[in-house]
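J.: Right, I'll just put the structure down here and ask away after.
Quick note: the coordinates plus some simple rules give every number you see, no bench work behind them. In this text, all values refer to a predicted model and were calculated from it rather than measured experimentally. Cβ atoms come from the backbone with ideal geometry, glycine included; neighbour counts cover every protein chain shown.
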Amino acid sequence: MKFIPLFFLIFLSPLITTAQGKVEKSKLPDPTFIPRKTWLAGGNFSYNTKKQDSVQNFITYVIKGNTYRYEVSPFGGYFVKDNFLVGLRASYRRNGGERTYESSSGTDLVVTKEISHNFTFFPMIRNYLALGKSKRFAIFNETFIGFAVGQGKETTTEAESVDCVYTDSFRLEVGMTPGMVAFINKNIAFEVQVGVLGFITEWDRSTTNQVEKSRQVTSRGNFSVNLFQLNLGVSIYLFQP
């Protein structure tokens, strides 16, 4: 008779193991933060200014300077898989400013005025990773390739001499931007992104005083995360019923 309990124990052990596996699996958090077939629309905005008064730079002494920069960037996309977005971003950036500084001889004042703007288009993908079980917070990484065209004008006045330089530019950019998203309700979220990591190649064609022409190609890489260069945005998620 003592073999009967042992027989029942052997018989029930697979059932007990299966039940324990289901319980342990149910304790795991759901990895889906944004389900597939979800639409996304949103935008980012950044703005910064810089003011200088009696500043000694490495070469020049800036008597007075004011510069600004702002960027507006709408974006949208579609989740082809859970937590995986394919989309497109566009941006408009404008820079401008004026500086007054001493000439190299120290006898005259030089006034420089500049203004530039460019348009950029970014095919992009995003990967999301949920933070916790509430499904309100997540980190994401945006990988993109960008194409930009722009124009700029710089006017330099020294004594009776005035030089004007017009520049046309084309830029190719490949990189990624990490960020974080926080939902305030079911469909609307705030997001923040830090500076870009990646490579940039830029082709510039300049014309000075409508006579002299020059070309320049610049390539650079950026692998440092600048926590002071933040882009704030609002996004809307349209989930499928």
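J.: Return the sequence-ordered ³J(HN,Hα) values of the range 124-136 in whole Hz as given by the Karplus equation 6.51 cos²θ - 1.76 cosθ + 1.60 applied to θ = phi - 60°, using x for Gly and Pro.
T.: Karplus-based 3J(HN,Hα) across the range 124-136 equals 8, 10, 10, 10, 10, 9, 5, 10, x, 9, 6, 6, 10 Hz.
J.: If you don't mind, another one. Just add up the charged neighbours of L232: K/R +1, D/E -1, any other residue whose Cβ is under 12 Å from the Cβ of L232. Each step should come with its number before you reach the end.
T.: Details: positive: none; negative: E71, E191.
Taking every Cβ under 12 Å from that of L232, the sum is -2.
J.: For the pair V55 and K135, what calculated FRET efficiency results from E = 1/(1 + (r/R0)^6), where r is the Cβ-Cβ distance and R0 = 30 Å, to the nearest 0.05? Before the final figure, lay out each step's value.
T.: Details: r = 49 Å, r/R0 = 1.62.
Calculated transfer efficiency: 0.05.
J.: Same structure again: Per residue, how much space in cubic angstrom lies within the convex hull of the C-alpha atoms of the range 29-238?
T.: 132 Å³
J.: Quick one: 3J(HN,Hα) in Hz for the range 149-154, Karplus 6.51/-1.76/1.60 with θ = phi - 60°, rounded, Gly and Pro as x.
T.: Rounded to whole hertz, the list is 10, x, 9, x, 9, 10.
J.: How big is the gap, in Å, between the Cα center of the range 98-128 and the Cα center of the range 147-225?
T.: 9 Å
J.: Take the cross-link list K50/K153; K81/K133; K50/K186; K50/K135; K51/K213 and give me the ones stretching past 27 Å between alpha-carbons.
T.: Table pairs above 27 Å Cα-Cα are K50/K186; K50/K135; K51/K213.
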